[in-house]
Amino acid sequence: MVQAPNGYERTPLPPTREVRSGRHGSATALSAPSEVADTRTVADRQSTESTAGRRPASTKRDAFFDNAKYLAIVLVAVAHSWEPVMDGSRATKALYMVVYSFHMPAFIIISGYFSRSFTARPQQIKRLVTGVAVPYIVFETGYSLLKWAAQEPHKLSISLTDPWFLTWFLIALFVWRLTTPLWRAIRHPLPLALLVAALASFSPGIGNDLDLQRVLQFLPYFVLGLCLKPEHFQLVRRREVRLLALPLFPAAVVFAYWIAPRMQNGWLYHNTSAQQLDHVWWTGPLMTAGLFCCSLLLTAGFLAWVPRRAMWFTVLGTGTICGYLLHGFLIKGAGFAGVFDTYTWLSDPAGEALLSVLAAVAVTLLCTPPVRRLFRFATEPEMAWGFRRDLDPAAPTAAATARPAGGASSRTSR
């Protein structure tokens with residue numbers, strides 16, 4: 001199911017090669033909410049206090065990450081278009097399982113990677129609220145109203161503690177980023193995150209509040225992103241890795257085709273416990289470890305073939321938050337309108353291919369700059385009225401603007 005996201009962020013992503021001192025804004029991998037991840041570099045973090053208010057030394061973006069986000073959001077939309085029509089098609093379910101194994105892990109890993117500098121400074125908290133919390137409230141309300149109008153006109157129910165459909169990613173990203181300082185402080189964060197996910201996988205008592213099952217079970221991917229360095233992304237972009245990735249996806253599809261009748265999709269969603277899927281408790285930790293390894297392999301294979309240079313769709317990678325949050329209205333709207341029930345031929349191979357193309361085209365259009373500007377009020381609101389002006393590092397402070405008595409400079413007044 002899959003924060004948002006700089007062209008789309010208010011400031012650009014850092015280059016993956018040697019990083020020079022400069023200022024890069026915050027963003028999410030989905031380009032989610034102002035691209036919800038803080039993309040500033042280590043050098044920038046070290047000099048933040050001393051360079052506040054200066055112009056950035058470099059604003060060049062790395063096209064690789066924008067390309068990865070765009071391609072991943074297309075896979076998200078295509079997989080969502082398969083859900084209403086894939087029953088009875090083993091081949092479509094196999095493709096669905098492969099895509100679901102890595103598209104959200106890839107987003108989450110990139111989100112974690114660009115959240116490494118998050119230290120909960122006031123300005124970062126402001127960006128987290130305006131870039132993640134506010135879009136969550138807006139779109140969770142919007143999807144609830146859609147569901148109410150289409151399914152339950154007699155009962156209006158809007159619950160901000162029970163994310164519906166794809167809004168779970170925003171609330172999860174909010175929690176993950178708030179806990180970033182903790183994961184950055186402890187000695188072995190990834191093993192601990194895997195332990196937390198394994199414990200959650202056999203704890204049905206966690207419940208549905210804030211979709212905590214997903215928050216906890218997807219946590220290792222975010223923590224892994226926090227642990228990664230630029231050279232790790234350089235490694236997966238090497239020619240040898242690209243060649244090794246060639247047989248990976250065909251093999252994954254064959255394996256998924258074999259296991260499709262035996263495996264429940266709930267394992268891929270990470271939103272339930274083993275007991276809720278009618279399995280014994282110890283299958284939860286086993287599936288957590290197994291799916292983590294499979295997801296890493298497929299994510300590495302996916303990133304290995306992501307173009308490194310600027311492409312026609314690179315700019316669209318900066319607006320993936322719009323594509324992510326808006327395409328759900330098209331998918332759910334078509335379902336509520338009875339499109340998939342009326343046109344049963346959409347379940348045929350040709351119909352599924354047509355849906356795939358339509359979903360890819362639709363999400364591409366939703367990622368374009370005009371759409372991003374149109375929905376900026378919901379996906380990256382400024383909300384200057386709600387925060388103190390001195391949170392902006394570019395704003396002059398009272399100390400900086402104060403003049404000594406008599407109009408003389410401090411130097412001449414000594």
Inset, instruction - Could you give me the residue pairs with C-beta distances under 6 Å whose first residue belongs to region 312-337 and is more than 18 Å from PHE139 (Cα to Cα), whose second residue is acidic (Asp, Glu) and surrounded by 21 or more Cβ atoms within 10 Å (Cβ to Cβ) wherever it lies, and which are 6+ apart or on separate chains? - result: THR314/ASP66; GLY317/ASP66; THR318/ASP66
Inset, instruction - Could you check how many residues of region 65-101 are touching a Cys at 6+ places or on another chain (Cβ under 8 Å) and under 22 Å from PRO250 (Cβ atoms)? - result: 1
Legend entry - Among the candidates VAL315, VAL280, VAL339, residue that is out of contact with any helix residue (DSSP H, G or I) (no Cβ under 9 Å at 6 or more places or on another chain) and either among the β-branched types (Val, Ile, Thr) or closer than 27 Å to CYS227 by Cα (or both): VAL280
Inset, instruction - Find all pairs meeting these conditions: Cβ atoms under 7 angstrom apart; at least six residues apart or on different chains; first residue within region 379-402 and surrounded by 13 or more Cβ atoms within 10 Å (Cβ to Cβ); second residue at pLDDT below 85 and outside any helix (DSSP H, G or I). - result: GLU380/ARG10; PRO393/ALA52; PRO393/GLY53
Legend entry - Residue identified as within 26 Å of TYR143 (Cβ to Cβ) and in contact with a Gly (Cβ under 8 Å, 6 or more places away or on another chain) among SER273, SER356: SER273
Inset, instruction - Give region 250-278 a look and list any residue that's of a type outside the set (Ser, Thr, Tyr) and either in contact with a His (Cβ under 9 Å, 6 or more places away or on another chain) or buried (at least 18 other Cβ atoms within 10 Å of the Cβ) (or both), or say none. - result: ALA252, ALA256, ALA260, GLN264, TRP267, LEU268, HIS270, ASN271, ALA274
Legend entry - Unique match (being in contact with a helix residue (DSSP H, G or I) (Cβ under 9 Å, 6 or more places away or on another chain), in a helix (DSSP H, G or I) and closer than 14 Å to ILE108 by Cβ) among PHE233, PHE249, PHE222: PHE222
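Per-residue answers, yes or no, for (1) within 25 Å of ALA91 (Cβ to Cβ); (2) polar (S, T, N, Q):
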{"position": "PRO230", "(1), (2)": "no, no"}
{"position": "GLN234", "(1), (2)": "no, yes"}
{"position": "TRP267", "(1), (2)": "yes, no"}
{"position": "LEU277", "(1), (2)": "yes, no"}
{"position": "TRP282", "(1), (2)": "no, no"}
{"position": "MET287", "(1), (2)": "yes, no"}
{"position": "THR299", "(1), (2)": "yes, yes"}
Inset, instruction - State whether one or more residues within region 208-215 are modelled with pLDDT under 95, of a type in the set (S, T, N, Q), over 18 Å from ALA133 (Cβ atoms) and out of contact with any helix residue (DSSP H, G or I) (no Cβ under 9 Å at 6 or more places or on another chain). - result: yes
Inset, instruction - Sort out which residues of region 132-168 are among the polar types (S, T, N, Q), assigned to a loop (DSSP other than H, G, I, E, B) and surrounded by fewer than 21 Cβ atoms within 10 Å (Cβ to Cβ), and write them in order of number. - result: GLN151, SER157, SER159, THR161
Inset, instruction - Could you please let me know if VAL196 is in contact with a helix residue (DSSP H, G or I) (Cβ under 6 Å, 6 or more places away or on another chain), surrounded by fewer than 20 Cβ atoms within 10 Å (Cβ to Cβ), within 21 Å of HIS270 (Cα to Cα) and modelled with pLDDT of 95 or more? - result: yes
Inset, instruction - Take region 200-235 and flag every residue that is β-branched (Val, Ile, Thr) and either surrounded by 23 or more Cβ atoms within 10 Å (Cβ to Cβ) or under 20 Å from the mean Cα position of the chain (by Cα) (or both). - result: VAL215, VAL223
Legend entry - Any helices (runs of 4 or more DSSP H) falling wholly within region 259-352 and containing at least 2 residues that are at pLDDT below 95, β-branched (Val, Ile, Thr) and over 30 Å from ALA193 (Cα atoms): 339-342
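Look through region 80-115, keep the residues that are assigned to a loop (DSSP other than H, G, I, E, B) and under 15 Å from the mean Cα position of the chain (by Cα), and return whichever of them is nearest to ALA350 (Cα to Cα).
Among them, the one singled out is PHE114.
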Legend entry - Answer residue from region 298-342, given it is surrounded by fewer than 17 Cβ atoms within 10 Å (Cβ to Cβ) and aliphatic (A, V, I, L, M) and is nearest to THR364 (Cα to Cα) among those: MET311
Legend entry - Residue satisfying all of: in region 353-392; among the basic types (Lys, Arg) and either closer than 21 Å to ILE321 by Cβ or part of a helix (DSSP H, G or I) (or both); modelled with the lowest pLDDT among these: ARG389
Inset, instruction - Residue by residue through region 118-129, note down the ones that are under 17 Å from the mean Cα position of the chain (by Cα) and surrounded by fewer than 23 Cβ atoms within 10 Å (Cβ to Cβ). - result: VAL129
Inset, instruction - Output yes when any residue across region 173-183 is within 30 Å of SER347 (Cβ to Cβ) and either at pLDDT below 90 or not β-branched (Val, Ile, Thr) (or both), and no when none is. - result: no
Inset, instruction - Kindly indicate whether ALA395 is over 25 Å from CYS322 (Cβ atoms), part of a loop (DSSP other than H, G, I, E, B) and either at pLDDT 90 or above or among the aliphatic types (A, V, I, L, M) (or both). - result: yes
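The values are calculated or read from the model by the stated rules, or taken from the named source; none is laboratory data. In this text, all values refer to a predicted model and were calculated from it rather than measured experimentally. Cβ sites come from the backbone with ideal geometry, for glycine too, and all protein chains shown count toward neighbours.
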